[in-house]
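Derivation of every value follows stated rules applied to the coordinates shown; laboratory data play no part. Predicted model only: the values in this text are computed from it and were never measured. Here Cβ is always computed from backbone atoms with ideal geometry, including for glycine, and neighbour counts include all displayed protein chains.
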Amino acid sequence: MAEGETESPGPKKCGPYISSVTSQSVNLMIRGVVLFFIGVFLALVLNLLQIQRNVTLFPPDVIASIFSSAWWVPPCCGTASAVIGLLYPCIDRHLGEPHKFKREWSSVMRCVAVFVGINHASAKVDFDNNIQLSLTLAALSIGLWWTFDRSRSGFGLGVGIAFLATLVTQLLVYNGVYQYTSPDFLYVRSWLPCIFFAGGITMGNIGRQLAMYECKVIAEKSHQE
């Protein structure tokens with residue numbers, strides 16, 4: 001190279017580790033956003049079913065205010081859906097047990113349809129008593145897990161989600177944020193844990209499928225490079 005000539009600065013390429021971390025972070029963010037909006041959409045649909053049945057009642061002062069109609073419910077459900085959907089594949093990788101049972105979008109869509117059906121049954125079908133309703137929904141929720149999941153980690157996370165979500169709901173009802181027309185178990189409906197369990201399994205399946213799609217995209221990019 002002659003004197004006075006300078007080497008033209010070319011585009012700097014990141015190392016494979018940095019590229020991998022950046023790609024994973026972006027994909028993680030995209031999956032979280034997708035799960036958030038899915039959770040918001042399902043919350044709006046399922047809440048509409050409950051209101052039609054007159055299961056939940058919001059205080060008049062809350063409805064009349066600018067923060068009316070429990071505006072915080074869909075964002076909270078969306079956030080919980082994002083956390084659950086990201087947690088399921090993370091736990092699978094941590095345990096070294098990748099979930100491979102019925103890993104296709106058609107199965108995920110059927111799982112969502114069954115979950116909406118369980119909620120619809122809780123809002124529309126008349127049962128003789130709350131015990132019969134709770135046992136029926138419990139059987140349907142476990143059937144949903146057996147049909148679309150069948151993993152020990154999925155069952156354990158579903159039970160944990162049901163417990164925590166029921167506890168939070170009980171605290172909100174106890175503090176008068178909203179109320180149920182006919183609470184039969186510590187201010188809340190006794191069948192709520194079944195709904196939360198089924199919801200956790202459903203969002204977990206969606207999160208797992210999105211994670212598997214991400215792995216396919218990353219594998220295709222690395223193969224092309």
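See the values below:
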| quantity | calculated |
| --- | --- |
| Loop-located trypsin sites (Lys or Arg not before Pro) in the range 74-171 whose Cβ has at most 10 other Cβ within 10 Å (DSSP) | Lys100 |
| Leu164 paired with Val26, simple spin-label distance in nm, labels 7 Å along Cα-to-beta-carbon | 3.0 nm |
| Gained length - Leu171 relative to Arg110, 0.36 nm times residue gap less alpha-carbon distance | 18.7 nm |
| Label-point separation in nm, Leu49 to His94, each point 7 Å along Cα→Cβ | 3.1 nm |
